[in-house]
Amino acid sequence: MEYAESQGAPRSRSRLGMALMVVLALAGAWALVKHFAGASAASAGYDWDFAVLWKYRSLLISGLLYTLLFTVVCVVLGLLVGVVTGLGRLSTNPYITAPLRAYIEVFRCTPVLVQLVWFYYALPVLTGLELSATAAATLCLTLYGGAFYSEIVRGGIISIESGQTEAGKALGMTRLQLLRRILLPQAFKKMVPPLMSQSIMQLKNTSLLSVLAVPDLLYQGQVIAHDTYRPLELYTFIAIAYFAVLLPITIWAKRMEYGTAREA
C-alpha cells in the first residue's frame, strides 16, 4: 500500500503541474491579447471588441467540436491504413511493396493543401463519383496520415532485434504469431511517441479544411469575421483555442516519450 501511495503522489503532482502550465499559458495568451487591445491597438487605429465572440459562441463551439471529431475520425482511420500498409511494406514480394511505397511517397512528398484541393475537384472528374467536401477531406487526411503512420509502424517493427524473430521461428511460431506475441508488443512502446506527434499534426492539418468550406473552427471563424468585420478577434480566439487543445496533448506526448526512453 505504501508503494502504491508513493507512486501515486508524483503522478498527481505531475498532473497538477500540467494543469498549472496550461492555465498559465492561457493566462499569458490572454494578457497579450489585452495588451494589444489596449494602447498598442489604439495606436494602430483598431478598436478591439471581443464581445462578438460571446454573440457567436454557438458557432465557435460547434466548429471546435467538429474539428475535434474530425481529427479523431481521421486519426483512427489513418492508423488502420497505416498498420495495414506498414505490415505490407515488410513483405518481400515486390508486387506488394512497390505500390505501397509509391502511395507513401506520393502523400509524403506533396503538400496537404494541394491534396485536399485535388481530392475535392479532380478525383470526381477522374472517377465519376461525386464527393462532398467532408468526404473528400476525410479521405484525403486519412490517406495522408496513413502514409506517415505506416512508416512509423514499419520502423518500429524492424527496430526489434532479429535474434528475437529467429528465436520465435525456432519455437515453431508462424509469422502472425511472431507479430502478435513478440514484435508488436515491443514495437508499440517505441511507436507511441511518433504516433502521438503525427496525430498532433493531423489536428493542426484540420485548419486547412476551410478551403473546402468544411464547417470546422477556422471556417466558422471566417464566416463570423465576414459578417462582423472583426477578423483579428476571431483569429486570435482560434489561435488560443488550438493552443489550449494542443498544449496538454503535446505535454502528454513528451512525457510518454521520456517514459519510453527511460524504459529503453
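The values are calculated or read from the model by the stated rules, or taken from the named source; none is laboratory data. If you're wondering where the values come from, they're calculated on a predicted model, not measured in any experiment. As a convention, Cβ positions derive from the backbone with ideal geometry for all residues, glycine included, and neighbour counts pool all protein chains shown. To get the accessible areas, we keep the full protein, side chains included, count just its heavy atoms, and leave off ligands, DNA and RNA. Shrake-Rupley method; radii C 1.70, N 1.55, O 1.52, S 1.80 Å.
Averaged per residue, the range 168-239 has 51 square angstrom of accessible surface, using a 1.4 angstrom probe with ligands and nucleic acids left out.
In terms of packing, defined here as the mean over residues of other Cβ atoms within 10 angstrom, the peptides 190-200, 137-147 line up highest first as 137-147, 190-200. Here's the picture: charge each Lys and Arg Cβ at +1 and each Asp and Glu Cβ at -1 in the range 82-236, and of 141, 96, 173 the one pushed furthest to the positive end of that dipole is 173. Charges were assigned to the Cβ only: +1 to each Lys and Arg, -1 to each Asp and Glu. The resulting dipole of the range 164-259 about its Cα centre is roughly 700 debye. Within the accessible area of the range 212-263, the carbon and sulfur atoms contribute 65%, probe 1.4 Å, all protein chains present.
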